[in-house]
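FYI, it's all coordinate maths here, none of it is from the lab. Every value quoted in this text rests on a predicted model; they were computed, and no experiment measured them. Glycine gets a Cβ as well: all are built from the backbone with ideal geometry, and neighbour counts include every protein chain shown.
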Amino acid sequence: MKAGKYAAGFLLSLLLTGISFWVVTSHSHFREFAVIILFASALLQIVVHLHVFLHVDSSPDSSWNLFSLLFTALIIFLMIAGTIWIMYNLGERLN
Amino acid sequence: MSSETRTREFGFWIYLMTDLILFTSLFATYAVMAREGSISAIVDLRQVFLETMLLLSSSATCAVAMVFMERRKKETMLFWLAATFLLGSGFVFIEIGEFARMIREGYGPQRNGLFSAFFTLVGTHGLHVSMGLLWMLVTMMQTWMTGLSSSLQSRMSRLAMFWHFLDIVWICVFTEVYLLGSLS
Amino acid sequence: MGKLTFSAIPIDNPIIMSAVVCAILIAIWIGHEITKRKRWSWLWNEWLTSLDHKKIGIMYVVLAIVMLVRGFFDAILMRLQQAMAEGSSHGFLPPGHFDQIFSAHGTIMILFAAMPFLVGLMNIAIPLQIGARDVAFPFLNSVSLWLTASAAMLVMVSLGVGDFSKAGWSGYAPLSELGFSPDVGVDYWTWALQIAGIGSLLSGINFLVTILRMRAPGMTLMRMPIFVWATFFTNMLMLAAFPVLTAALAMLSLDRYLGMHFFTADHGGNPMLYVNLFWIWGHPEVYIVILPAFGIFSEVVATFSSKRIFGYESLVYATGAITVLSFAVWLHHFFTMGAGADVNAAFGIATMLIAIPTGVKIFNWLFTMYRGRVRFASPMYWTLGFLTTFAIGGMTGVLLSLPPADFVLHNSLFLVAHFHNMLIPGALFGYFAGFSYWFPKATGFMLDEKWGKRAFWCWICGFYLAFMPLYVLGFLGMPRRMEHYANPAWQPWLILAAFGTLLIFFGILFQGIQIATSLGPKRRAADPDPWDGRTLEWATSSPPPSYNFAVLPEVKDRDAFLEMKRAGIHSPTRYEDIEIPKGSAKGAFIGASSFACGFGLVWHIWWLAAMAALLILLIVISRSMEEETMTILPSGEVKRIEEAGHVL
């Protein structure tokens with residue numbers, strides 16, 4: 001039961017990793033397309049890992065785990081987006 | 001699962017969240033530095049792929065070890081944990097080799113801000129993996145000597161959380177640093 | 001010995017040397033007193049190695065008070081210097097020393113006075129308020145305490161051995177880089193902050209888990225006292241913000257120790273990135289120190305108005321909104337760094353938004369008092385002083401949130417006046433309110449009201465006298481952090497501000513007298529419930545026994561203890577065995593080793609740093625191998641303690 005879930009998760013991560021590396025090494029795509037594929041497969045793989053190996057789900061047992069993860073994701077978004085916005089803006093105005 | 005174990009696991013989960021934010025600062029720093037240059041010339045993607053495979057497989061073997069822990073098969077569990085340890089050590093070994101090669105070729109962390117950020121981000125992940133390996137070694141020895149007590153089981157499951165968490169960070173590392181860096 | 005030589009001790013500086021000699025004499029006197037009374041083993045066994053959250057809380061507060069006094073002396077020196085150093089007079093402090101004093105003052109007040117004070121009050125009150133017997137991780141709690149204490153020790157040692165940072169409490173790069181700050185000052189600052197930061201992070205984990213997993217049966221989230229909610233959100237802020245500080249300081253140290261180029265002005269370094277990262281932590285930090293105080297005011301207002309808190313839900317949601325918003329305003333600390341109008345406007349608007357939930361809270365407190373029977377005990381004095389004063393500071397804050405206004409006022413004394421106007425009433429008065437509110441609970445003795453009220457009047461009058469002139473000086477164009485100036489128009493205002501500091505000095509003196517009389521021979525024992533309290537901490541004796549509650553309370557209402565009092569309290573018919581944590585010296589050893597590690601790193605004594613780090617690792621491993629960390633208090637013993645009225 002659990003072992004099957006782990007096996008499926010492992011195969012799925014292998015597949016997603018393969019896609020990421022293939023998109024970059026095959027050099028046959030538009031940059032924007034490749035970037036979108038890269039981010040999508042990374043995000044998907046993170047979700048797979050969280051669900052399969054770290055047992056994050058919507059059960060009441062792990063509701064606070066999920067809440068803290070979502071709060072952290074919000075803070076991470078604010079920090080990354082804010083920092084890139086601010087620093088790239090400053091950089092452009094210096095050039 | 002006892003209430004105390006769950007409390008400990010939840011506390012450890014919160015710690016992992018804070019560690020994510022530590023990594024976020026390093027990722028944001030790297031993103032800012034990457035505006036000024038690229039590391040694509042010096043990176044060997046085949047090596048990165050190998051590292052990724054090692055770490056992914058170690059996550060799988062670690063999960064298998066947990067399955068055997070729940071079935072209270074001490075020896076089988078230790079076997080899979082040892083496999084995890086070897087795969088993780090392989091990862092660290094390749095990473096140290098990569099760092100040494102880059103420094104030899106003049107692309108060390110003192111070169112410029114971009115390489116400072118590269119070495120610090122990738123190195124912090126590597127340091128976490130190394131600490132995980134040390135933790136694994138201590139726990140394996142304790143299990144070997146005293147058997148699978150409930151406190152050891154609870155510690156083992158936290159170690160597994162740590163290990164899978166480092167895999168997630170690595171997904172971000174190879175995506176942002178290596179693959180995105182090789183695109184342009 | 002690395003870079004450490006005897007020349008690191010500033011023998012030629014009479015101000016520093018007299019401070020050092022005073023500190024050493026006080027330490028010798030305390031040691032002598034303890035030896036004379038044969039209290040060393042008591043101190044070690046009952047306090048320093050204790051894992052009891054109430055005792056850890058008291059030790060935190062003691063640390064905070066000691067550091068508050070130290071930081072206050074820095075403030076006196078600055079005010080005296082600025083009152084004197086006009087034109088041909090240069091005062092008594094040379095620039096390098098003045099720079100160290102303002103850097104130490106900011107660092108100490110935020111990280112070693114405010115933080116230990118609020119964590120100490122959390123330790124004393126939170127487990128009691130949620131009806132728990134302990135925190136989730138008692139040993140971790142002791143580790144947090146000793147990490148904080150050893151970091152504070154590192155700052156104190158910098159007084160006598162070498163220099164402290166001259167780069168301000170925020171340590172802006174590239175000034176804090178090796179090229180501009182080659183001495184050990186910045187290293188003292190970074191390692192002290194790193195060690196204290198880890199301590200705060202561990203406390204944050206501990207209390208978040210405690211609140212979420214240890215509440216008494218029946219205490220749903222929406223029945224938690226407001227102070228518990230405030231602590232919950234504060235911990236979320238600590239957990240999300242402190243890792244950024246850790247990362248930023250680690251990068252600064254990598255620049256300084258390994259020649260990297262994160263924040264240097266050359267080789268592709270980006271000093272502005274340091275400023276950005278520092279304030280991603282720095283702004284939430286403001287709320288970390290203020291939110292617990294808001295929680296305390298809420299408890300005090302409800303108790304001393306004998307009324308349920310007005311708009312409980314709105315208070316909770318306002319606190320939550322502040323928590324999230326505080327991560328979206330950090331750029332307002334550097335509007336003038338050169339970002340475009342769009343970036344500045346967005347962060348300016350977010351900053352104005354944060355005033356709304358804060359305003360909501362002010363109305364909550366006002367409406368709680370409205371038509372209540374307000375009892376004017378000293379916790380209420382601090383609360384009322386806060387309400388009036390904080391509103392002024394809030395208004396100047398909204399003014400500063402406008403980027404064009406900030407371009408005129410930034411880096412001036414107006415800014416200094418503004419944030420002292422937020423932090424002294426908003427944080428410190430809150431801690432003083434909490435101190436006088438929970439003092440009877442924590443110590444078992446009433447706090448002297450007469451000296452408390454005298455202290456309050458000195459503080460509040462001193463505050464206005466010391467900081468209102470600073471607003472004026474800001475408008476007159478005086479920049480902050482000046483050790484000398486040539487504008488005679490500024491001097492009268494600075495002399496006035498110095499007198500304000502003198503009044504505050506009397507406030508602190510009176511608080512000292514207050515504590516001494518309250519614990520001295522004429523002390524008065526406190527009832528379990530001296531204020532007619534509403535929450536569970538008043539349901540147990542003063543001071544509470546080590547296990548807090550012989551029988552875990554059953555919570556049926558938001559004002560849990562008030563409801564119990566109305567329903568009638570019966571003493572329990574039977575007692576059970578209670579598991580309590582054994583004391584452990586390992587927390588203190590980890591703290592001592594981190595001090596040694598930090599000291600070694602500051603002075604490049606690599607063998608010391610490596611050995612201390614290894615020692616920490618070994619202590620952690622050995623703790624993980626300990627099996628018997630708990631001890632059982634048999635029911636008979638519990639019964640004996642309960643019937644004896646909890647005399648410890």
- Round to the nearest 10 and give me the degree value, 0 to 90, for the angle of helix A:31-52's Cα axis relative to the longest principal axis of chain A. 30
- Note on the structure: Taking only the alpha-carbon positions of region B:42-183 as identical scatterers, the Debye log10 I(q)/I(0) at q = 0.13, 0.18, 0.20, 0.22 Å⁻¹ comes out as -0.59, -0.95, -1.11, -1.29
- Would you compute, from DSSP H runs of 4+ residues alone, the mean residue ellipticity of the protein assembly as shown at 222 nm, taking -39500 (n - 2.57) per run and dividing by the full residue count, rounded to the nearest 500? -24000 deg cm²/dmol
- Task: Normalise the Debye intensity by I(0) for region B:1-47, one equal point scatterer per Cα, no solvent, then take log10 at q = 0.14, 0.20 Å⁻¹ and round to two decimals.
- Result: -0.59, -0.77
- Message: Per residue of region B:158-170, what does 6.51 cos²θ - 1.76 cosθ + 1.60 with θ = phi - 60° give for ³J(HN,Hα)? Whole Hz please, x for Gly and Pro, Karplus curve as stated.
- Response: 5, 4, 4, 4, 4, 5, 5, 4, 5, 5, 4, 4, 5
- By how many degrees, 0 to 90 and rounded to 10, does the Cα axis of helix C:449-475 deviate from the longest principal axis of chain C? 30
- Note down the relative contact order for region B:36-184 as a percent, whole number, built from C-alpha pairs under 8 angstrom at least six residues apart. 33
- Percentage relative contact order, chain C, counting C-alpha pairs under 8 Å, at least six apart: 18
- Message: Give me the one-decimal nm value for the distance between modelled label points at C:Lys556 and A:Leu74, 7 Å along each residue's Cα-to-Cβ direction.
- Response: 3.6
- Message: Between helix B:113-146 and chain B, what is the angle of the helix's C-alpha long axis to the longest principal axis, kept within 0 to 90° and rounded to the nearest 10?
- Response: 20
- Item | C:Phe263 long-range amide H proximity, modeled H, under 5 Å | C:Asn270
- Task: Report the local net charge at C:Met156: Lys and Arg +1, Asp and Glu -1, summed over other residues whose C-beta lies under 15 Å from its C-beta.
- Result: -1
- Among B:Val67, B:Thr146, B:Ile94, pick out the residue whose Cα is farthest towards the positive end of the charge dipole of chain B, where Lys and Arg carry +1 and Asp and Glu carry -1 on C-beta, about the Cα centre. B:Thr146
- Message: Can you tell me the mean projection area, over all orientations, of the convex hull of chain C's alpha carbons? Units nm², please.
- Response: 28.8
- Which residues qualify? For C:Leu633, with a placed amide H closer than 5 Å and at least 5 residues away or on another chain, they are C:Ile578, C:Glu579, C:Ile580
- Message: Taking beta carbons within 10 Å but only from partner chains, what does the mean come to for residues A:48-57?
- Response: 4
- Applied in sequence order to region C:59-73, the curve 6.51 cos²θ - 1.76 cosθ + 1.60 (Karplus, θ = phi - 60°) yields integer Hz couplings, x standing for Gly and Pro, of 5, 4, 5, 4, 4, 4, 5, 4, 6, 4, 5, 4, x, 5, 5
- Query: Measuring from the lowest to the highest alpha carbon on each principal axis, how far does the protein assembly as shown reach, largest first, in angstroms?
  - Reply: 79, 78, 56
- Message: How charged is the neighbourhood of C:Ser624? Take every other residue with its Cβ under 12 Å from the Cβ of C:Ser624, and add Lys/Arg as +1 and Asp/Glu as -1.
- Response: +3
- Item | For B:Val129, C:Val416, B:Val138, order by how many other beta-carbon atoms lie within 10 Å, fewest first | B:Val138, C:Val416, B:Val129
- What shape does region C:497-645 take by its C-alpha gyration tensor, where a ≥ b ≥ c are the square roots of the eigenvalues and a/c under 1.5 counts as rounded, a/b above b/c as prolate, and the rest as oblate? oblate
- Item | J(HN,Hα) series, region C:392-405, from Karplus relation 6.51 cos²θ - 1.76 cosθ + 1.60, nearest Hz, glycine and proline x | 5, x, x, 5, 5, x, 5, 4, 6, 6, 7, x, x, 5
- Got a sec? Charge dipole of the protein assembly as shown, +1 on Cβ for Lys and Arg, -1 for Asp and Glu; which of C:Trp438, A:Ala7, C:Trp146 is way out at the positive end? C:Trp438
- Item | Cα-based radius of gyration of region C:516-574 once divided by 2.2 N^0.38 Å, which approximates compact folds | 1.31
- Task: Excluding C:Phe263 itself, calculate the net charge of residues whose Cβ lies under 13 Å from the Cβ of C:Phe263, where each Lys or Arg counts +1 and each Asp or Glu counts -1.
- Result: -2
- Query: Do any of C:Lys55/C:Lys556; C:Lys55/C:Lys307; C:Lys55/C:Lys522; C:Lys441/C:Lys565; C:Lys522/C:Lys639 go past 26 Å between their Cα atoms, and which?
  - Reply: C:Lys55/C:Lys556; C:Lys55/C:Lys307; C:Lys522/C:Lys639
- Note on the structure: The rounded separation in angstrom of the Cα centers of region C:555-582 and region C:118-190 is 37
- Task: Can you run the Rg to Rh ratio on region B:1-121? Use alpha carbon positions and the Kirkwood inverse-distance Rh.
- Result: 1.09
- Message: Based on the alpha carbons, how large is the Rg to Rh ratio for region A:1-53 when Rh follows Kirkwood?
- Response: 1.09
- Query: Taking H as built 1.01 Å from N, whose amide H comes closer than 5 Å to the amide H of C:Ser412, not counting residues under 5 places away?
  - Reply: C:Arg480
- Task: Among C:His267, C:His420, C:His332, rank each residue by its count of other Cβ atoms within 10 Å, from fewest to most, as a rough exposure measure.
- Result: C:His267, C:His420, C:His332
- Classify chain A as rounded, prolate or oblate from the Cα gyration tensor: take a ≥ b ≥ c as the square roots of its eigenvalues, call it rounded if a/c is under 1.5, otherwise prolate when a/b beats b/c and oblate if not. oblate
- Give me a single rounded figure for C:625-638: the average over its residues of other chain Cβ atoms within 10 Å of their Cβ. 1
- Note on the structure: Taking a crude spin-label model, label points 7 Å out from Cα along the C-beta direction, the A:Arg93 to C:Thr336 distance in nm is 1.4
- Query: Modelled label-to-label distance, C:Asp12 and A:Leu11, 7 Å Cα→beta-carbon offset: nm?
  - Reply: 7.8
